[in-house]
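The structure appears right after this line, and notes come after that.
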Amino acid sequence: MNRHGIFSAGCTLLLAFGLASTAVAGAASAPKIHWKSERITLPTSDLTFTGPGGQVLNTYCLMCHSADFVNEQPAVSLVTWKVEVNKMKNAFGAPIPEDQIDHIAEVLYQRFGPPKP
Ligand code: HEC
């Protein structure tokens, strides 16, 4: 999330600078502006979940953080995933239906595999 924040702040600065310099130049001699297209490649990020169970995670987990954020967490036991999903619901207010909690925990456990010893 921070990466995006920094990036858009950079864009805003560039834009502001561009407008300011155009205004100054315009006042002096009104030069003709030639716009040209630039092609840039933005950094990619795993914003969504893919693969088995990805759909239910995309439905209930992406309103607050990216898939990347979840995927970077360590593997934990099924019980701990249940605690984690309940925490998202009860502590952070994720609108996860009660009858989906076990299923989501199972999906997460299958994706991450058993915890490393
Ligand atoms: C309502 C917002 C919200 C939703 C929806 C949500 N989370 Fe979270 N999640 C959070 C917040 C807030 C944190 C804490 C972030 C931090 O500590 O920087 C967090 C942290 C986490 C963590 C890191 C461990 C921890 O406990 O801090 C995991 C793993 C996680 N969420 C998984 C999920 C999964 C899986 C889903 C979908 C089933 C989900 N979250 C849905 C808000 C949410």
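The values are calculated or read from the model by the stated rules, or taken from the named source; none is laboratory data. Note that the coordinates shown come from a computational prediction; the quantities given were computed from them, not determined experimentally. For neighbour counting, all protein chains shown are included, and Cβ atoms are generated from backbone atoms with ideal geometry for every residue, glycine included. Keep in mind that these areas ignore ligands, DNA and RNA; they rest on the heavy atoms of the full protein, side chains included. Shrake-Rupley method; radii C 1.70, N 1.55, O 1.52, S 1.80 Å.
For the range 54-112, just the Cα atoms, rotate onto the principal axes and tell me the three extents in Å, largest first.
For the range 54-112, the Cα spread along each principal axis is 23, 22, 20 Å.
Got a sec? What order do MET63, MET88 fall in by accessible area at 1.4 Å, biggest, i.e. largest, first? It would help to have the intermediate numbers written out before the result.
Numbers: MET63 110, MET88 45 Å².
My answer, sorted largest first, is MET63, MET88.
Just want to confirm a number: the relative contact order over the range 54-112, from Cα pairs under 8 angstrom separated by 6+ residues, in percent.
Numbers: 32 pairs, mean separation 25.8, N = 59.
Relative contact order, the range 54-112: 44 percent.
What's the ranking of 49-60, 90-101 by average number of surrounding C-beta atoms within 10 Å, highest first?
Numbers: 49-60: 15.2, 90-101: 11.5.
With the highest mean Cβ count within 10 Å placed first, the list reads 49-60, 90-101.
Using a Debye calculation, one point per C-alpha and no hydration shell, please list log10 I(q)/I(0) for the range 43-82 at q = 0.22, 0.23, 0.35 Å⁻¹ in order.
For the range 43-82 at q = 0.22, 0.23, 0.35 Å⁻¹, log10 I(q)/I(0) is -0.77, -0.83, -1.18.
Quick one: if you stick a label point 7 Å off each Cα along the C-beta vector at LEU78 and LEU47, how many nm between them?
3.4
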